[in-house]
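The values are calculated or read from the model by the stated rules, or taken from the named source; none is laboratory data. Quick caveat: nothing in here was measured; it's all calculated off a predicted structure. Positions of Cβ are backbone-derived with ideal geometry, glycine not excepted, and every protein chain shown enters the neighbour counts.
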Amino acid sequence: MAFIVAIDGPAGSGKGTITKLVGEKLGLVNIDTGATYRCVTLAALQKGYTLEQEEKIVELLNEIQIELKKENGKEKFYLNHIDVTDEIRTPKVNAMVSQVSHIPQVRDNMANFQRKMAEGKDVIMEGRDIGTNVFPNADVKIYLDATPEERAKRRILQNQEKGIESTYEEILENIKFRDHNDKTSSVAPLKQAEDAIYVDSSHLTIEEVTDKIIKIIQERREKK
Ligand code: DC
């Protein structure tokens, strides 16, 4: 029977990195749910739709085809049979994806799609509402968190690597603003599932968090 691991948490908590590492070590298929929202956003941009054209974006859901394929060990996202793995990470998509992911019909459609992608597989999925909405019966649920201050420090380092200038204060403010929006959103608010295990990564290295989560998963897997 399929085994499902759900990793939820705020932006900058390290979910993406940790999910990838844990998935590789335990042989679980890694399904990046954020990327599915990014594909819908890219499709809307390709059509020239703006956020004011919510109905048009919803109509698009019946026209587009999103696929996840593993190629040379890497997960690739295809939109209408074209590889868009890099294109879904561009600033244009970044600027619009949060709003697109909050359109209720988009959420319902993508949650169904995410369930379908996981069918019959042992998966690890990261997102905002995997343990609460997409897979409320997941075998393991982790809520990965870190303090806003720690997440701001990590973001500064990422920006430096990319050559983007930013100050600690503005990033911290932005993180707190996003947290507030995510947690109070009327559509799929970010919250810890009651049966999720809380992991605070603030004072842990990537390796320590990975080991901790692997241990939790292995214990559950042995019992299944
Ligand atoms: O993790 P990411 O940056 O690729 O996510 C892109 C956007 O989609 C981000 O604004 C959060 C949102 N998202 C969501 O609402 N629910 C998910 N399960 C995954 C992502």
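Report whether or not Arg115 is more than 8 Å from the ligand (Cβ to nearest atom) and in a helix (DSSP H, G or I). Give the steps one after another, and end with the answer.
Details: more than 8 Å from the ligand (Cβ to nearest atom): yes; in a helix (DSSP H, G or I): yes.
Yes; evaluated as a whole, the condition is true for this residue.
Considering each of Ala138, Ala193 in turn, give the residue that is surrounded by 20 or more Cβ atoms within 10 Å (Cβ to Cβ), in contact (Cβ under 8 Å) with a residue 12 or more places away in the chain and among the aliphatic types (A, V, I, L, M). Full working, then the answer.
Working: Ala193 fails: surrounded by 20 or more Cβ atoms within 10 Å (Cβ to Cβ).
Exactly one of Ala138, Ala193 is surrounded by 20 or more Cβ atoms within 10 Å (Cβ to Cβ), in contact (Cβ under 8 Å) with a residue 12 or more places away in the chain and among the aliphatic types (A, V, I, L, M), namely Ala138.
Is it fair to say Ala138 is in contact with a strand residue (DSSP E or B) (Cβ under 7 Å, 6 or more places away or on another chain), within 16 Å of the ligand (Cβ to nearest atom) and over 24 Å from Val106 (Cβ atoms)?
Criteria not met by Ala138.
Restricting to the stretch 1-33, count the residues that are within 16 Å of the ligand (Cβ to nearest atom) and either among the acidic types (Asp, Glu) or assigned to a loop (DSSP other than H, G, I, E, B) (or both).
8
Any idea which residue in the stretch 141-186 is nearest to the ligand (Cβ to nearest atom), counting only those that are closer than 23 Å to Ile197 by Cα and assigned to a loop (DSSP other than H, G, I, E, B)?
So the residue we want is Ser185.
List every residue pair whose Cβ atoms sit under 9 Å apart, with the two residues 6 or more apart in sequence or on different chains, where the first one lies in the stretch 200-224 and is in a helix (DSSP H, G or I) and the second, anywhere, is aromatic (Phe, Trp, Tyr) and modelled with pLDDT of 95 or more.
If the second residue must be aromatic (Phe, Trp, Tyr) and modelled with pLDDT of 95 or more, the pairs left are Ile217/Phe3; Arg220/Phe3; Arg221/Phe3.
What number of residues in the stretch 1-46 are surrounded by fewer than 15 Cβ atoms within 10 Å (Cβ to Cβ) and charged (D, E, K, R)?
Number satisfying all stated conditions: 2.
Against the condition farther than 23 Å from Glu208 by Cβ, in contact with a helix residue (DSSP H, G or I) (Cβ under 7 Å, 6 or more places away or on another chain) and among the hydrophobic types (A, V, I, L, M, F, W, C), how does Val140 come out, does it pass?
Numbers: farther than 23 Å from Glu208 by Cβ: no; in contact with a helix residue (DSSP H, G or I) (Cβ under 7 Å, 6 or more places away or on another chain): yes; among the hydrophobic types (A, V, I, L, M, F, W, C): yes.
No: the conditions fail for Val140.
When only residues in the stretch 118-135 that are among the charged types (D, E, K, R) and within 14 Å of the ligand (Cβ to nearest atom) count, which is surrounded by the most Cβ atoms within 10 Å (Cβ to Cβ)?
From the stretch 118-135, those among the charged types (D, E, K, R) are 119, 121-122, 126, 128-129; that's our starting set.
Checking which are within 14 Å of the ligand (Cβ to nearest atom) leaves us with 126, 128-129.
Values: Glu126: 27, Arg128: 24, Asp129: 22.
That would be Glu126.
Considering each of Ile57, Ile18, Ile64 in turn, give the residue that is at pLDDT 95 or above, in contact with a Cys (Cβ under 9 Å, 6 or more places away or on another chain) and not aromatic (Phe, Trp, Tyr). Talk me through it step by step, then tell me what you get.
Numbers: Ile57 fails: in contact with a Cys (Cβ under 9 Å, 6 or more places away or on another chain); Ile18 fails: in contact with a Cys (Cβ under 9 Å, 6 or more places away or on another chain).
Sole residue among the options that is at pLDDT 95 or above, in contact with a Cys (Cβ under 9 Å, 6 or more places away or on another chain) and not aromatic (Phe, Trp, Tyr): Ile64.
Test Leu157 against the criterion of being surrounded by fewer than 21 Cβ atoms within 10 Å (Cβ to Cβ), touching a strand residue (DSSP E or B) at 6+ places or on another chain (Cβ under 8 Å) and at pLDDT below 95, and give yes or no. Break it down stepwise before answering.
Numbers: surrounded by fewer than 21 Cβ atoms within 10 Å (Cβ to Cβ): yes; touching a strand residue (DSSP E or B) at 6+ places or on another chain (Cβ under 8 Å): no; at pLDDT below 95: yes.
Here the answer is no, as Leu157 does not meet what is asked.
I'd like the residue in the stretch 34-66 that is part of a helix (DSSP H, G or I) and charged (D, E, K, R) and, out of all such residues, is nearest to the ligand (Cβ to nearest atom). If you could, list the steps in order and put the result at the bottom.
Within the stretch 34-66, the subset part of a helix (DSSP H, G or I) is 34-46, 54-60.
If we keep only those that are charged (D, E, K, R) too, we end up with 38, 54-56, 59.
Working: Arg38: 6, Glu54: 16, Glu55: 20, Lys56: 19, Glu59: 20 Å.
It comes out as Arg38.
Within the stretch 86-117, count every residue that is buried (at least 17 other Cβ atoms within 10 Å of the Cβ) and either of a type in the set (A, V, I, L, M, F, W, C) or free of Cβ contacts under 8 Å to residues at least 12 places away in the same chain (or both).
11
Within the stretch 163-172, identify whether any single residue is among the polar types (S, T, N, Q), farther than 14 Å from Lys15 by Cβ and exposed (fewer than 12 other Cβ atoms within 10 Å of the Cβ), and answer yes or no.
Filtering the stretch 163-172 for residues among the polar types (S, T, N, Q) gives 166-167.
Next, only the ones that are farther than 14 Å from Lys15 by Cβ stay: 166-167.
Applying the additional criterion that residues be exposed (fewer than 12 other Cβ atoms within 10 Å of the Cβ) yields 167.
Yes, there is a match, as at least one residue in the stretch 163-172 is among the polar types (S, T, N, Q), farther than 14 Å from Lys15 by Cβ and exposed (fewer than 12 other Cβ atoms within 10 Å of the Cβ).
Restricting the search to the stretch 78-95, which residues are over 15 Å from the mean Cα position of the chain (by Cα) and within 11 Å of the ligand (Cβ to nearest atom)?
Ala95
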